[in-house]
Amino acid sequence: MMRLILVLFLVFLFSNVNAQVKPKLLKETDTMSLKPQDSLKISGKPKPKKKLLDKLDPKTKEEKAKISDYLIISHKNDTTFVDTTLTIQKEYKFNYLRKDNFGLMPFSNLGQTYNSLTHNFENTSLMPSFGARARHFNYMEVEHINYYRVPTPLTELMFKSAFEQGQLADSFFTVNTSPQLNFSIAYKGLRSLGKYQHLLTSSGNFRFTTNYQTKNKRYWARAHIVTQDLLNQENGGLQDAMVENFENGVEEFLDRSILEVNFENAENILKGKRFHLEHSYNILRKKDSLSKNKLSIGHIISLKDKSYQYDQSNANTSYFGNAFTSSKFRDRVTLEDLCNQLQLNYSNNIIGDLQFNVSNNNYNYGYNKVVVLNGNTITNRLKGGVFSAGGKYHKQFKNFELHGELGVNVSGGFDGNFIKAHATFKLNNDLSATASINHSSKAPNYNVLLYQSNYINYNWKNNFNNTETQQLAFQLKSEKIANILVDYSTINDYTYFKRDNTGIPDGELAPVKPFQNNKSISYLRVKLDREIKVGKFALQNTILYQNTQDENNVLNVPELTTRNTLYYSSHVFKKALYLQTGVTLNYFTKYKMNSYDPLLAEFYVQTEKEYGAFPRLDFFINAKIRQTRIYLKAEHFNSAFTGYNYYAAPNNPYRDFTVRFGVVWNFFM
């Protein structure tokens, strides 16, 4: 392994890859008010050869594009540009999810699920969500897909070592074949064996995107195709008899493969395919900045096909209860959802930006069999259509910006509505304040309403009320002061999973079933981000305080969660290499942590024991050579001397000390 690291390091050091220009330091929050149809300008040095640059801007005499010309366009049309800098935020995002996972507690193996240490109840969805939520952390939804616009072809390669056998890799390529047309293709793949018995993970996320605009910019379209499969072997966690051996640090069991688990014959997999298209035509088009009116029509069509499957060679009745079939069996549920939305957009210099939309969702969720249990028939399908209407509003006046959005299901199988509004006031170049409000009423997830399994106690059909949430939030952003977020939520008819002890004899493990809370829950969060710099040293702090008022104890979170990083940054070797090294502390206070059910792929409430209050210390050395970032980390290096009481969920330990290596490499052709 060390030889591999040395060889890769030398290759990167002496690489002659010619990235366009050395970019200035970019902030993670830097954005530009560009739309997919906006033009792109190129800058650099004169006398280009006949390349894509000539096609993109015939008037330019310059050869090289700036880093800011490589545009990344989000689902909401917020536009940033490629950032090849090395920052502490990049360190936080160099993980399986490729995003900051503060507030998530990862399981022992890469690609497993995460226990949520915090929850955000802001919602703008009108339809129920698919079940198996523990498998969705790495599932890419519509809002996670970006589009691109680049002056020359761009490639990004990412690699990170896994646990025991396997690796994580993410490859991406995008190109503009003309100023009007862009394509991108990407694939993220993982395979990791893990330290414990029967814990292999294997996942793949394929993405293809394209966006197009006509030369007169009256019509634009963008589309993506995404296919995903997320497989996990399941072992049910450590046997109760093994927990003591783990917590006492018995030397024999430091080889984690010796610890006995609840079963070694099960796996689950979440699969999904999605075809998504958005396009718009300008009926009245602004010709210059003085034009007052713009009118366009838009259409969105999105087809998604998802399935969740649980396979087991032999039924484990001691863990899940009695089963219809004791030998090899398969539980499989599918969802087909086709959504069409028509939009009418109107912009006026005085009024602002208005949108009216109508949507139709056709859904088909369920199983290929009907279950008859104790004389009661449990249907196998939830099928129908929903018509909804909504609107959006946006207005910016000097330093004040207002956004509003609403939607309501007019007819169909599910009721639902939401309203969201937020106002931002920018006091100066450093300080801005945002206040927001959100109300939502939404049907519970599909697997709460209907579930079927080979295990007898895991079959139900429920008619629960909509879950209603209200949230007030305030955010203050300032590099000089701090980033502060405060939100307060009330939740009514909250749905959750819990073990149902009704009619279960003593000594037997109760099944996990869905319930609906009959009391209102109040939930407060206060989050602070602050970095303190002294010379080449910095201390980055993220602190989250949470408080719940919950009579039934069904929404459990730690009162305090913190992440603190002390690090050093500097150029070395005559500025040929940028070095960043430091130590990160992660910690959360004790609380009644949710347990994990591998059959449902869901977390469920447990109130028997508290977990937490263990520090996690990571030491990292990161380096940047040209457009290559190199990451080396000693994860949880304190595990052997601060006590073996670290869990990601009851009976599911967190990771032991390990050293992992990875790189992110950009090519600008």
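Determine whether Gly298 is small (Gly, Ala, Ser), over 30 Å from Pro511 (Cβ atoms) and modelled with pLDDT of 95 or more.
Judged against the criteria, Gly298 is a match.
Per-residue answers, yes or no, for (1) among the hydrophobic types (A, V, I, L, M, F, W, C); (2) over 27 Å from Trp220 (Cβ atoms); (3) in contact with a helix residue (DSSP H, G or I) (Cβ under 7 Å, 6 or more places away or on another chain); (4) modelled with pLDDT of 85 or more:
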residue: Thr29; (1), (2), (3), (4): no, no, no, no
residue: Pro46; (1), (2), (3), (4): no, yes, no, no
residue: Asp54; (1), (2), (3), (4): no, no, no, no
residue: Tyr70; (1), (2), (3), (4): no, no, no, yes
residue: Asp78; (1), (2), (3), (4): no, no, no, yes
residue: Phe107; (1), (2), (3), (4): yes, yes, no, yes
residue: Gly111; (1), (2), (3), (4): no, yes, no, yes
residue: Asn115; (1), (2), (3), (4): no, yes, no, yes
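Looking at the stretch 359-376, I want the residues that are closer than 30 Å to Leu406 by Cβ and have a partner that is acidic (Asp, Glu) and loosely packed, with under 13 Cβ neighbours inside 10 Å with Cβ atoms under 9 Å, at least 6 apart or on another chain. Which pairs are those?
none
Do we find that Asn445 is closer than 20 Å to Asp597 by Cα and touching a helix residue (DSSP H, G or I) at 6+ places or on another chain (Cβ under 9 Å) in this structure?
Working: closer than 20 Å to Asp597 by Cα: yes; touching a helix residue (DSSP H, G or I) at 6+ places or on another chain (Cβ under 9 Å): yes.
Judged against the criteria, Asn445 is a match.
Among residues belonging to the stretch 163-177 that are small (Gly, Ala, Ser) and touching a Phe, Trp or Tyr at 6+ places or on another chain (Cβ under 9 Å), point out the one that is nearest to Gly662 (Cα to Cα).
Just the residues of the stretch 163-177 that are small (Gly, Ala, Ser), to begin with: 166, 169, 171.
Adding the requirement that they be touching a Phe, Trp or Tyr at 6+ places or on another chain (Cβ under 9 Å) leaves 169, 171.
Numbers: Ala169: 9, Ser171: 13 Å.
By that ranking, first place goes to Ala169.
Out of the residues in the stretch 88-105 meeting the condition of being in contact (Cβ under 8 Å) with a residue 12 or more places away in the chain and among the basic types (Lys, Arg), tell me which one is surrounded by the most Cβ atoms within 10 Å (Cβ to Cβ).
Lys90
Here is a check on your reading of the model: is Arg191 under 16 Å from the mean Cα position of the chain (by Cα) and of a type in the set (Lys, Arg)?
Against the criterion (under 16 Å from the mean Cα position of the chain (by Cα) and of a type in the set (Lys, Arg)), Arg191 does not qualify.
With touching a His at 6+ places or on another chain (Cβ under 8 Å) and within 27 Å of Asn447 (Cα to Cα) as the only criterion, which of Asn368, Asn364, Asn360, Asn340 stands out?
Asn340
Counting just the residues of the stretch 146-166 that are charged (D, E, K, R) and in contact (Cβ under 8 Å) with a residue 40 or more places away in the chain, which one comes out nearest to Leu71 (Cα to Cα)?
Result: Arg149.
Restricting attention to the stretch 463-476, does a residue exist that is outside any strand (DSSP E or B), among the acidic types (Asp, Glu) and more than 20 Å from Val371 (Cβ to Cβ)? So that I can check it myself, show each step before the final result.
So the first thing to find is which residues in the stretch 463-476 are outside any strand (DSSP E or B), and the list is 463-466.
Then drop every residue that is not among the acidic types (Asp, Glu), which leaves none.
Within the stretch 463-476, none of the residues are outside any strand (DSSP E or B), among the acidic types (Asp, Glu) and more than 20 Å from Val371 (Cβ to Cβ).
Condition test on Glu479, is it buried (at least 16 other Cβ atoms within 10 Å of the Cβ), in contact with a strand residue (DSSP E or B) (Cβ under 9 Å, 6 or more places away or on another chain) and of a type in the set (Asp, Glu)?
Working: buried (at least 16 other Cβ atoms within 10 Å of the Cβ): no; in contact with a strand residue (DSSP E or B) (Cβ under 9 Å, 6 or more places away or on another chain): yes; of a type in the set (Asp, Glu): yes.
Against the criterion (buried (at least 16 other Cβ atoms within 10 Å of the Cβ), in contact with a strand residue (DSSP E or B) (Cβ under 9 Å, 6 or more places away or on another chain) and of a type in the set (Asp, Glu)), Glu479 does not qualify.
Among what's in the stretch 108-125 and is within 15 Å of the chain's Cα centre (by Cα) and small (Gly, Ala, Ser), pick the residue that is farthest from Ala421 (Cα to Cα).
Once the filter is applied, the top-ranked residue is Gly111.
Specify the residue that is modelled with the highest pLDDT; the eligible residues are those in the stretch 483-514 that are at positive phi and surrounded by fewer than 16 Cβ atoms within 10 Å (Cβ to Cβ).
Applying the filter and picking the extreme gives Gly503.
Checking Thr325 against (1) modelled with pLDDT of 90 or more; (2) not in a loop (DSSP other than H, G, I, E, B), which test does it fail?
Among (1) modelled with pLDDT of 90 or more; (2) not in a loop (DSSP other than H, G, I, E, B), the lone unmet condition for Thr325 is (2).
Could you check how many residues of the stretch 572-609 are over 25 Å from Asn541 (Cβ atoms) and either without any contact (Cβ under 8 Å) to a residue 40 or more places away in the chain or charged (D, E, K, R) (or both)?
Result for the stretch 572-609: 9.
Name the residue that is nearest to the chain's Cα centre (by Cα), counting only residues in the stretch 221-246 that are more than 30 Å from His144 (Cβ to Cβ) and surrounded by 15 or more Cβ atoms within 10 Å (Cβ to Cβ).
By that ranking, first place goes to Gly236.
The values are calculated or read from the model by the stated rules, or taken from the named source; none is laboratory data. It should be emphasised that the depicted structure is a prediction, and the values quoted were computed from it without experimental measurement. Cβ atoms come from the backbone with ideal geometry, glycine included; neighbour counts cover every protein chain shown.
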